[in-house]
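J.: Sharing a structure below in structure tokens format, with a few things to ask.
The values are calculated or read from the model by the stated rules, or taken from the named source; none is laboratory data. Not measured: the values here are computed from a predicted model. Here the Cβ positions follow ideal geometry from the backbone for every residue, glycine too, while neighbour counts run over all protein chains shown.
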Amino acid sequence: MGKRIGIGLLGLGTVGAGVAKILNSPEGRNPLLNNLELVEVAVRDLDRLRPIDLPRSLLTTSPEKVIENPKVQVVVEVLGGIEPARTLILKAIASGKSVVTANKAVIARHGQEIATAASAAGVYVLIEAAVGGGIPIIEPLKQSLGGNKIRKVSGIINGTTNYILSRMAKEGIAYKEVLKVAQDLGYAEADPAADVEGLDAADKIAILSGLAFGGSIDRSEIPTKGITNLEKRDVDYAKELGYVVKLLATAEHLNSKTEGNNFLPLALQVQPTLIPLEHPLAGVNGVNNAILIEGDPIGEVMFYGPGAGSGPTASAVVADILNIAGIQQVESHTGELDPLLAASSWRKCSLVKPDAIIQRNYIRFNAINKPGVIGLIGTHFGNRDVSIQSIVQFDTSDSVAEIVVITHQVSQGQMKDALNAITKSPEIKGVSAHYGCL
Ligand code: HSE
């Protein structure tokens, strides 16, 4: 029997209950779990009914008490939200305790501050559950893919929106109805706006980018478009053209003249994106997430699995606890951290302006149905060097036409200029949709 390691849990909601269930049933899992002991759990309300029945003596309403408990060596933060979670994580670190957290909102915004505090205190802060639910992606990026130069990370990294989009596409169910089911299944954030507005995916791509490219970026500058304005007709038109629409988050290293050894220009964004049906991300449905990494020399590698929910997220939290427990079994504390497990930032990264982002585009114009309109759109795009891959007219009535254009790769600045010119023509009533396209 190795050393006993005391675990303090902050939060006993969907994820916390999942973690407690695993800790309380070690049989058949990694034997190191036998050395872990759930010592104390902070909850908001002692009398609330929960999916797990824990002895009352383990519960407290004071998260500080859990952090200060001398029997607790690892603090697991699964409260969600920014405060008090950030302050509690920093308190745990200051008390010399390693932290495991599923909190993407805190890590995306305060990751640098937390990593600096953790390295000064000689403790770990592990975040496997913050991105991709049960999919191992954080440790693979930190360790298994360390020999690669990463070029691009693309991910379907919000389970709630993927669940909604998949059911809407397959069954034609109304958006609000599907959202309610996703919430009931424990996929959605407390405030579902974080999911459907793309904010949760933006938090996660900020974290993945930091690990893939070795430096943090300003989370608040990520161009983000959610699914709330996505119309069923765009899902249908996409299908007719051989695509499926997904909420895609991307982080890409752009080759740029300004790049030096110490400055990596990155393009990050979150938006509904048309994905060709034969692309590996196109078949990712329901609550599943997938992250596609493109690097040199590995080429492409995809991580796929359940992206939200109690069990999958708890699986990732427990993996982090085991990593810390494993190290504590072999190390007498020297204060030196394992550099592959500790957070590390080794160069400066910076976001390019949104106009410099290069992508293929899906545009839907609302136009008057008369000869020459498609020619006019083609001329304006051609004048601004925007190459069209396909242009299709979907008639909605005799007088109104919907014209869908898919472009080749072009900068968003060029795209903006071309769309400004096109929408000045009286024949064009407006741009009704503008999304990305792989
Ligand atoms: N609300 C998140 C999602 C939970 O739907 O993916 C996992 O982070």
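J.: Looking at the range 32-41, is at least one residue assigned by TED's automatic domain parsing to the domain that holds Val99, more than 12 Å from Val317 (Cβ to Cβ) and in contact with a Ser or Thr (Cβ under 8 Å, 6 or more places away or on another chain)?
T.: Checking the range 32-41: at least one residue is assigned by TED's automatic domain parsing to the domain that holds Val99, more than 12 Å from Val317 (Cβ to Cβ) and in contact with a Ser or Thr (Cβ under 8 Å, 6 or more places away or on another chain).
J.: What strands (runs of 3 or more DSSP E) lie completely within the range 290-389 and have 2 or more residues being surrounded by fewer than 17 Cβ atoms within 10 Å (Cβ to Cβ) and not basic (Lys, Arg)?
T.: 299-306, 358-368
J.: Run Thr101 past the list (1) away from the ligand (no atom under 16 Å from the Cβ); (2) within 19 Å of the chain's Cα centre (by Cα); (3) of a type in the set (S, T, N, Q); (4) buried (at least 24 other Cβ atoms within 10 Å of the Cβ) and report the number of the one that doesn't hold.
T.: (1)
J.: Contact list please: Cβ distance under 6 Å, first residue in the range 167-195 and in the same structural domain as Lys225 (by TED's automatic domain parsing) and touching a residue at least 40 places away in the same chain (Cβ under 8 Å), second residue more than 15 Å from the ligand (Cβ to nearest atom) and in a helix (DSSP H, G or I), pairs at least six apart or on different chains.
T.: Qualifying pairs under 6 Å: Ala169/Val235.
J.: Can you tell me which residue is farthest from the ligand (Cβ to nearest atom) among those in the range 126-141 that are more than 15 Å from Thr101 (Cβ to Cβ) and not hydrophobic (A, V, I, L, M, F, W, C)?
T.: Checking each candidate, the answer is Pro140.
J.: Let me ask another. Out of (1) more than 9 Å from the ligand (Cβ to nearest atom); (2) part of a loop (DSSP other than H, G, I, E, B); (3) buried (at least 16 other Cβ atoms within 10 Å of the Cβ), the odd one out for Ile173 is which?
T.: (3)
J.: Which members of the range 412-438 meet the condition of being surrounded by fewer than 18 Cβ atoms within 10 Å (Cβ to Cβ) and among the polar types (S, T, N, Q)?
T.: Gln414, Asn420, Thr423, Ser425, Ser432
J.: Which one is nearest to the chain's Cα centre (by Cα) among residues in the range 262-279 that are outside any strand (DSSP E or B) and over 24 Å from Gly210 (Cα atoms)?
T.: His279
J.: Let me ask another. Among the residues of the range 156-166, is any away from the ligand (no atom under 11 Å from the Cβ) and touching a residue at least 60 places away in the same chain (Cβ under 8 Å)?
T.: Looking through the range 156-166, at least one residue is away from the ligand (no atom under 11 Å from the Cβ) and touching a residue at least 60 places away in the same chain (Cβ under 8 Å).
J.: When the range 392-402 is examined, which residues are found to be closer than 20 Å to Thr273 by Cβ and buried (at least 17 other Cβ atoms within 10 Å of the Cβ)?
T.: Glu402
J.: Suppose the filter is more than 16 Å from the ligand (Cβ to nearest atom), within 13 Å of the chain's Cα centre (by Cα) and crowded, with 18+ Cβ neighbours inside 10 Å; does Val123 pass it?
T.: No, not satisfied.
J.: Then there's this: What number of residues in the range 121-142 are within 19 Å of Glu189 (Cβ to Cβ) and among the hydroxyl-bearing types (Ser, Thr, Tyr)?
T.: Final tally of qualifying residues: 0.
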